[in-house]
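Read the structure below first, then the notes.
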Amino acid sequence: MRQPAHGGNLAWAAALAGCPPDAILDFSASISPLGPPNSAIAAIHAQIGNLKHYPDPNYSELRLALSHFHELPFEWILPGNGSAELLTLAGRELAKLTATRLITPAFGDYYRTLAAYNAKVLEFPLDVGSREWGVGSGEEENICSLSSSFPTLQVMSTARQDCNPFSTNASISPSSSSYGLLLNNPHNPTGRLFSREAILPYLEEYALVVVDEAFMDFVSPDEEQSLIGVVQEYPNLVILRSLTKFYSLPGLRLGYAIAHPDRLAQWQSWRDPWPVNTLAAAAAIAAVQDQEFQALTWQWLPPARNQLFQGLAAIPGLQPLESTANFLLVASQQSSLQLQQQLLQHHQILIRDCLSFKELGDRFFRVAVRTASDNQRLLTALHSVLSSHH
């Protein structure tokens, strides 16, 4: 069976571990361990009788719930079959431009969607070498500049990173007016959070800016840096959001785009009817209204992430990177592929190798933040595997 390009491939992991898929402790997919919320499950049960009907093609009730949640007119919201479907539609638009700029390492699906429409890609590497990451200093961030042709991005995090100027492997003209920009915030796989103010200048420069905020809801409301609040000021801005990670609903495939209504109407005309099923729509409506679950998640994540960070940092040969999301990128002196295989075969634990991020290769892995007991099981297993190397 082929090495998976995404996390969460339990069939592949179980075949390697020689156990049933449900015996795998999955740290490879960055899904909250707290859900799905009971409210979403109850909403699914309540809609079983409606499976004999087609969904509302306009998703009026779902869009209304999301419009209340984000305090936006519902015309600015388009639900989709996971944010992946909407990313594909964004790729179709980006391909019409001179080129699309990516900050790398970048989520592999960005390359898929851009390649599908033969878009030209220009890469701007983010320095994720573990030497460059200060850990736990609590000081304010430096400004990390990309290059004279790509303005600065300020990183928002609890730790200060000593950032070198970003280098670029592409020679491009200073003008960006015919270019697209695709970035995610918080950044996957590093977990860096860019400030809203740092991204705003790009909106004046680029023909189309697509910001993937799949992990933004894990950042507490007083710290989040979403651009949703300014979307009505910028017709060239598209924001992608996911409901599957925060609410633990990846099997339902549900996300949404926030953008100018004219753009969303165009996207609607390009895609199949009824991309969101009845059960997914019902679960989403319940989930975004579940303030208790949201508060519980923001209360759970910082201490759980800190427990995992400190535990990983204490293991010789590993260096976790500070993150604002529900995952940690970890630099490893050992082959991450070998670590992954040994953890599976001896401990039935799956971590995310970073081979699909070509800039990272075999010396980094990524782990989701899970419950305290799960995190401790991973730390104990890593201690065991790495100590056997010495």
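Laid out as a table, the results:
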{"item": "Beta bridges by DSSP in the chain, antiparallel share as percent, to the nearest 5", "result": "55 percent"}
{"item": "Volume per residue of the C-alpha convex hull in the chain, rounded to whole Å³", "result": "139 Å³"}
{"item": "Mean Cβ neighbour count within 10 Å, used as a protection proxy, ranking 329-341, 196-208 highest first", "result": "329-341, 196-208"}
{"item": "The range 1-121 - Rg over Rh from alpha carbon coordinates, Kirkwood radius", "result": "1.04"}
{"item": "Nonlocal amide H pairs with Leu122, under 5 Å, H built at 1.01 Å", "result": "Thr100, Arg101, Leu102"}
{"item": "Mean residue ellipticity (222 nm) of the chain, computed from DSSP H runs ≥ 4 via -39,500 (n - 2.57), nearest 500", "result": "-10500 deg cm²/dmol"}
{"item": "Over the range 205-300: Rg over Rh, Cα atoms, Kirkwood Rh", "result": "0.98"}
{"item": "Dipole in debye (nearest 20) - the chain, about Cα centre, beta carbon charges: Lys, Arg +1; Asp, Glu -1", "result": "1100 debye"}
{"item": "Asn184 long-range amide H proximity, modeled H, under 5 Å", "result": "Asp212"}
{"item": "Ordering of 112-123, 89-100 by packing [mean C-beta count within 10 Å, highest first]", "result": "89-100, 112-123"}
{"item": "Lysines whose Cα lies under 30 Å from that of Lys120, excluding same-chain neighbours fewer than 8 positions away", "result": "Lys96, Lys245, Lys358"}
{"item": "Overall dimensions of the range 38-86 by Cα: Rg and Dmax, Å", "result": "12.4, 33"}
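Just so you know, all these numbers are worked out from the coordinates, no wet-lab data involved. The structure displayed is predicted, hence computed values, not measured ones. Methodologically, a virtual Cβ is constructed for each residue, glycine included, from the backbone with ideal geometry; neighbour enumeration extends over all protein chains shown.
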